[in-house]
Amino acid sequence: MSDWALLARVQAFMVDYAACLDEERFDDWVALFDPAVCTYEVLSRENRDLGLPAPIMGCYSHGMVCDRVAMLVKGVLTYRRNHLLRQVSNVRVLQGAAGSQAQAVSVRAALVVYQSDPEGVSSLYMVARYEAQLADVGGKLLIRRMAVVVDSFGIDTMLAVPL
Amino acid sequence: MSDWALLARVQAFMVDYAACLDEERFDDWVALFDPAVCTYEVLSRENRDLGLPAPIMGCYSHGMVCDRVAMLVKGVLTYRRNHLLRQVSNVRVLQGAAGSQAQAVSVRAALVVYQSDPEGVSSLYMVARYEAQLADVGGKLLIRRMAVVVDSFGIDTMLAVPL
Amino acid sequence: MSDWALLARVQAFMVDYAACLDEERFDDWVALFDPAVCTYEVLSRENRDLGLPAPIMGCYSHGMVCDRVAMLVKGVLTYRRNHLLRQVSNVRVLQGAAGSQAQAVSVRAALVVYQSDPEGVSSLYMVARYEAQLADVGGKLLIRRMAVVVDSFGIDTMLAVPL
């Protein structure tokens with residue numbers, strides 16, 4: 001597969017990732033993670049840059065990723081129903097960063113999230129970056145590691161849904 | 001044509017669509033629609049999600065699309081001359097959604113519009129999504145259906161120019 | 001090289017350009033310019049549209065581009081350390097605009113910059129467009145001309161870092 005085909009494939013994957021969350025298809029979002037081994041973390045840039053390991057939230061197995069959204073799917077959780085749009089851009093595939101796993105790729109992308117309230121007023125919600133490790137498992141890209149490093153950690157509303 | 005080539009072609013089409021409007025080349029914008037059959041609608045997400053069919057505005061033939069911008073081209077209409085930037089991202093080609101038309105493709109994309117006033121102050125203007133049906137007519141992509149579903153329907157200024 | 005491969009290559013170049021600046025790898029940014037001949041300008045849309053040639057800032061040789069960031073690399077300059085995210089989108093390769101240089105391409109792209117302050121509060125910083133001339137020099141894309149046309153020229157903070 002050429003570099004350009006791989007980049008196009010990764011871009012499509014990240015756009016699908018955002019669509020699963022925007023459209024609240026949380027089961028589809030969970031299916032993007034590798035059931036064998038995966039992590040999902042939201043980190044503040046401040047902590048990351050200072051080398052402080054504590055994430056804002058973290059899931060360290062596929063079961064934890066499933067649990068993360070189970071309450072959302074079941075409607076147990078009550079939260080303000082703002083509509084979110086996750087704008088994914090600046091997708092990059094890092095060269096030679098995959099280590100010994102020949103089939104894994106390191107990915108970077110920019111994320112800007114807008115919220116629109118029920119009255120139709122839109123505003124900037126969050127600025128962040130994706131740092132992901134994707135693996136080709138049986139011809140399908142799956143997430144081994146997804147870190148969302150947020151520039152906007154002065155979050156004024158509960159981080160109810162994943163990024 | 002491979003999936004990636006089709007996606008690249010659709011992305012380029014949507015970027016051209018935005019450029020026509022940003023640069024106020026309204027005749028070029030009209031030429032992106034299929035003269036044989038096309039619709040253009042702006043819908044609020046609220047109405048769409050409730051199944052209410054009334055759009056904020058709608059054009060149901062190529063002539064209506066031409067009429068939509070005729071007054072803008074002729075300079076008849078007076079409106080505040082804010083400069084708009086339409087940021088298109090998250091372009092997706094839906095699989096198997098084209099129905100019986102082998103040459104048609106269903107497209108989704110995110111739209112974020114920024115306005116800049118004559119004093120050089122920029123702000124978020126609108127958050128929306130494109131839901132389009134494109135057809136390959138003689139080797140050229142043309143719009144059969146373009147629905148702009150706006151999250152921001154609390155629009156404080158007249159919707160003078162198309163989205 | 002097909003049109004789609006060229007577009008993909010240009011998109012990757014522009015994303016790399018943004019990453020160099022976002023990550024403050026200024027030496028890498030300088031290396032994206034053609035040492036033989038290059039210009040870098042920031043222009044207000046107002047001046048550009050009126051045909052007034054004075055840029056907000058301009059560098060007319062590779063040495064001037066290097067000087068532009070030398071003080072940033074050396075840490076001589078004191079400025080508020082907001083974190084910037086440069087969102088590049090709507091990348092277009094213009095056809096037939098390269099003139100007599102067979103290997104040069106004219107590129108347009110949209111730029112939206114977000115700033116996040118040390119307290120983690122994010123806001124829209126700037127809306128602009130790239131107008132670039134890239135040349136293939138020994139198999140590598142390099143910048144011959146980069147013009148950043150800013151819609152937001154009511155800049156309330158010093159333009160410390162390049163766009």
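The values are calculated or read from the model by the stated rules, or taken from the named source; none is laboratory data. Predicted, not measured: the structure shown is a model, and the values here were computed from it. Ideal geometry is used to build each Cβ from the backbone, glycine not excepted, and the neighbour counts take in all protein chains shown. The protein model used for the area step is the full one, side chains on, heavy atoms only, and it has no ligands, DNA or RNA in it. Shrake-Rupley method; radii C 1.70, N 1.55, O 1.52, S 1.80 Å.
For segment A:129-139: of the residues being open to solvent by 10 Å² or more (accessible area, probe 1.4 Å) and within 14 Å of another protein chain (Cβ to nearest Cβ), which is farthest from residue A:53 (Cα to Cα)?
The selected residue is A:139.
Among the residues of segment B:112-122, write down those that are assigned to a strand (DSSP E or B) and at the interface with chain C (Cβ under 7 Å from one of its Cβ atoms).
If the condition is that a residue be assigned to a strand (DSSP E or B) and at the interface with chain C (Cβ under 7 Å from one of its Cβ atoms), then B:114, B:116, B:122 are the ones that fit.
Given the criteria more than 14 Å from chain A (Cβ to nearest Cβ), over 12 Å from the mean Cα position of the chain (by Cα) and surrounded by fewer than 18 Cβ atoms within 10 Å (Cβ to Cβ), does residue C:36 qualify?
So residue C:36 fits the description; yes.
Out of the residues in segment C:39-56 that are free of Cβ contacts under 8 Å to residues at least 24 places away in the same chain and of a type in the set (Gly, Ala, Ser), state the one that is nearest to the other protein chains (Cβ to nearest Cβ).
Here the answer is C:54.
Conditions first: (1) modelled with pLDDT under 95; (2) closer than 23 Å to residue B:85 by Cβ. Residue C:119 passes all but one, so which condition is the exception?
Result: residue C:119 passes all but (2).
Scan segment C:1-31 residue by residue and report those that are farther than 24 Å from residue A:151 by Cβ, away from chain A (no Cβ under 14 Å) and surrounded by fewer than 20 Cβ atoms within 10 Å (Cβ to Cβ).
Within segment C:1-31, C:31 is the sole residue that qualifies.
Taking residue A:126 as meeting all but one of (1) open to solvent by 40 Å² or more (accessible area, probe 1.4 Å); (2) modelled with pLDDT of 90 or more, write down the number of the exception.
Evaluating residue A:126 over (1) open to solvent by 40 Å² or more (accessible area, probe 1.4 Å); (2) modelled with pLDDT of 90 or more leaves (1) as the failure.
So that you can scan it fast, the table gives a plain yes or no per residue for (1) β-branched (Val, Ile, Thr); (2) modelled with pLDDT of 95 or more; (3) surrounded by 18 or more Cβ atoms within 10 Å (Cβ to Cβ):
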position	(1), (2), (3)
C:51	no, no, no
C:69	yes, no, yes
C:93	yes, yes, yes
C:98	no, no, no
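Would you mind stating whether residue B:108 is modelled with pLDDT under 95, surrounded by 14 or more Cβ atoms within 10 Å (Cβ to Cβ) and either out of contact with any Ser or Thr (no Cβ under 9 Å at 6 or more places or on another chain) or more than 30 Å from residue A:19 (Cβ to Cβ) (or both)?
In short, no.
Condition first: in contact (Cβ under 8 Å) with a residue 24 or more places away in the chain and not acidic (Asp, Glu). Now tell me which residues in segment C:109-121 satisfy that.
C:109, C:111, C:112, C:113, C:114, C:115, C:116, C:118 - these are the residues of segment C:109-121 that are in contact (Cβ under 8 Å) with a residue 24 or more places away in the chain and not acidic (Asp, Glu).
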